[in-house]
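Colleague: Below is one structure. I have some questions about it.
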Amino acid sequence: MADDDIILADLSDEELVQQMHDDLYDGLKEEIEEGTNILLERGWAPYDILTQALVEGMRIVGVDFRDGILFVPEVLLSANAMKAGMFILRPLLAATGAPKQGKMVIGTVKGDIHDIGKNLVGMMMEGAGFDVVDLGINNPVENYLEAIEREQPDILGMSALLTTTMPYMKVVIDTMKEKGLRDDYVVLVGGAPLNEEFGKAVGADAYCRDAAVAVETAKEFMKRKHNMLAGA
Ligand code: B1M
């Protein structure tokens, strides 16, 4: 139950989504799980729950974090609550029966421990038919190189949420170039502080604004790859 007075199941959809924003703000993991399950029972699509209840809730947390109203320990609780909701939705998003598209290795760059956005991208990519190998957070260039050698993916994805860590993407791409590996993979980058220009400047194939764009971009590159192979 959200608190002593509120019974989540009694709320209308709109009120419940609003309440979930509040519960995410307050880091109430069990309430987020309950709210997610109620919306699923009411026939909501997992993607809509993800975007309207969870991602929007985290956007509000981000604003107050920026403004010094919320601090790291509180935001950590919000992140844990969000992850609990995502944990419920993950198998549902993955089980779309989409035809196999290809393989992606994805990880957050060195110095950066933000992983919610990366996880979301991974979930959506799985749902779109990609095999996803998740390297987790704080990845030095060696981790990416080992993983692409081992996994032979079609796509390498990198995530960064800090202006201080996003330049590390260039370190990874430059090292790939030095080793003659760059052209063997599609490199997609994303994260809140990035933009299109930055993606070009570091030598990525594309910047992806959000998880839905990442999926569309990845599919587009796979189509091009297949067309090239067919024409070869
Ligand atoms: Co951090 N944090 N944080 N934080 N945090 C931000 C990023 C910040 C913008 C908050 C703020 O001030 N407004 C700010 C960065 C400022 C800057 O660099 N300009 C910041 C800061 C400063 C910090 C610390 C330095 C705070 C401190 O210690 N004083 C610290 C750094 C730790 C470190 O990494 N070394 C820190 C710590 C944390 C927590 C641990 C408390 C927690 C992370 C928990 C976790 O991830 N497990 C946290 C959180 C939660 C945030 C905010 C509030 C939310 C991030 C998030 O999960 N968003 C964030 C504020 C904000 O972003 N506005 C903030 C939801 C998620 C769905 O969106 O991650 O953007 P996002 O992902 C999107 C797209 O960006 C894109 O698709 C995703 C889904 O649509 N995308 C990709 C992301 N990765 C992609 C990869 C791709 C493609 C698309 O590959 C192909």
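Colleague: Run through region 42-86 and list the trypsin sites (Lys or Arg not before Pro) located in a DSSP loop whose Cβ has at most 13 other Cβ atoms within 10 Å.
Modeller: Numbers: sites: 42, 59, 66, 83; in loops: 42.
Counting only loop positions with at most 13 other Cβ atoms within 10 Å, the trypsin sites (Lys or Arg not before Pro) in region 42-86 are 42.
Colleague: Tell me, in nm to one decimal, what length is gained between residue 92 and residue 30 on full extension, where the rule is 0.36 nm per residue of separation less the Cα-Cα distance? List each step's numbers first, then the result.
Modeller: On the way: separation 62, 0.36 × 62 = 22.32 nm, distance 1.92 nm.
Taking 0.36 nm per residue and subtracting the Cα distance, the gain is 20.4 nm.
Colleague: Still on this structure, please answer the following. Could you calculate the contour length gain from residue 209 to residue 22, that is, 0.36 nm times the residue separation minus the distance between their Cα atoms, to one decimal place in nm? Walk me through the intermediate numbers first.
Modeller: Numbers: separation 187, 0.36 × 187 = 67.32 nm, distance 2.54 nm.
Between residue 209 and residue 22, full extension yields 64.8 nm more.
Colleague: Same structure, new question: Are there chymotrypsin sites (Phe, Trp or Tyr not before Pro) in region 54-144 that DSSP marks as loop and that have at most 11 other Cβ atoms within 10 Å, and which are they? Write down the numbers at each step before the final one.
Modeller: Values: sites: 65, 71, 87, 130, 144; in loops: 71.
Counting only loop positions with at most 11 other Cβ atoms within 10 Å, the chymotrypsin sites (Phe, Trp or Tyr not before Pro) in region 54-144 are 71.
Colleague: A follow-up question, please. Run the helix sum for the chain: -39,500 (n - 2.57) per DSSP H stretch of 4+ residues, divided by residue count, reported at 222 nm to the nearest 500 deg cm²/dmol.
Modeller: On the way: 9 runs with 122 residues, N = 232.
Taken over the chain, the calculation gives -17000 deg cm²/dmol.
Colleague: Also: Calculate, for residue 146 and residue 171, the FRET efficiency according to 1/(1 + (r/R0)^6) with r their C-beta to C-beta distance and R0 22 Å; round to the nearest 0.05. Don't skip to the answer; put the middle values down first.
Modeller: Details: r = 15 Å, r/R0 = 0.69.
FRET efficiency, residue 146 to residue 171: 0.90.
Colleague: Take the alpha-carbon centre of region 30-47, take the same for region 48-64, and report the distance between them in whole Å.
Modeller: About 14 Å separates the Cα centre of region 30-47 from the one of region 48-64.
Colleague: Could you tell me which helices of the chain pass both thresholds, a Cα extent of 20 Å or more along their own axis and a mean Kyte-Doolittle hydropathy of at least 1.0, with helices taken as whole DSSP H runs? Mind showing how you got there, number by number?
Modeller: On the way: long enough: 72-94 (31 Å, 1.13); 211-231 (30 Å, -0.15).
In the chain, the long hydrophobic H runs are 72-94.
Colleague: List every residue whose amide H lies under 5 Å from the amide H of residue 139, counting only residues 5 or more places away in sequence or on a different chain, with H placed 1.01 Å from N in the peptide plane.
Modeller: Here 108, 109, 110, 111, 112 satisfy the definition.
Colleague: Express in % the proportion of alpha carbon pairs of region 1-67 at distances exceeding 20 Å. Could the numbers behind the result be given before it?
Modeller: Values: 473 of 2211 pairs.
So the portion of pairs separated by more than 20 Å is 21 percent.
Colleague: Translational diffusion coefficient, Stokes-Einstein: compute it for the chain using the Kirkwood radius over C-alpha pairs as Rh, at 10 °C and 1.306 mPa s, and state it as an integer in µm² s⁻¹. Walk me through the numbers on the way to the answer.
Modeller: On the way: Rh = 18.6 Å.
In µm²/s, the coefficient rounds to 85.
Colleague: Here is a further query. Enter the accessible area of residue 228 (Å², nearest 10), with the probe set to 1.4 Å and all protein chains included.
Modeller: That residue has around 140 Å² of solvent-accessible surface.
Colleague: For an R0 of 30 angstrom, estimate the FRET efficiency from the Cβ-Cβ distance between residue 60 and residue 216 and round to the nearest 0.05. Walk me through the intermediate numbers first.
Modeller: Details: r = 26 Å, r/R0 = 0.87.
Calculated value: 0.70.
Colleague: Describe numerically, in nm with one decimal, the distance between label points set 7 Å from Cα along Cα→Cβ at residue 137 and at residue 103.
Modeller: Placing both labels 7 Å beyond Cα along the Cβ direction yields 2.7 nm.
Colleague: Going Cα to Cα from residue 29, which lysines come in below 16 Å? Please leave out same-chain ones fewer than 8 positions away.
Modeller: 83
Colleague: Provide the gained length on full extension for the span residue 15 to residue 181, in nm with one decimal, where the gain is 0.36 nm per separating residue minus the Cα-Cα distance. Provide the component values of the computation, followed by the final result.
Modeller: Working: separation 166, 0.36 × 166 = 59.76 nm, distance 5.10 nm.
Here the answer is 54.7 nm.
The values are calculated or read from the model by the stated rules, or taken from the named source; none is laboratory data. Since the structure is predicted, the reported quantities are computational estimates derived from the model, not experimental observations. Please note: Cβ atoms are built from the backbone with ideal geometry, for glycine as well, and neighbour counts cover all protein chains shown. These area figures cover heavy atoms from the full protein model, side chains too; ligands, DNA and RNA do not enter into them. Shrake-Rupley method; radii C 1.70, N 1.55, O 1.52, S 1.80 Å.
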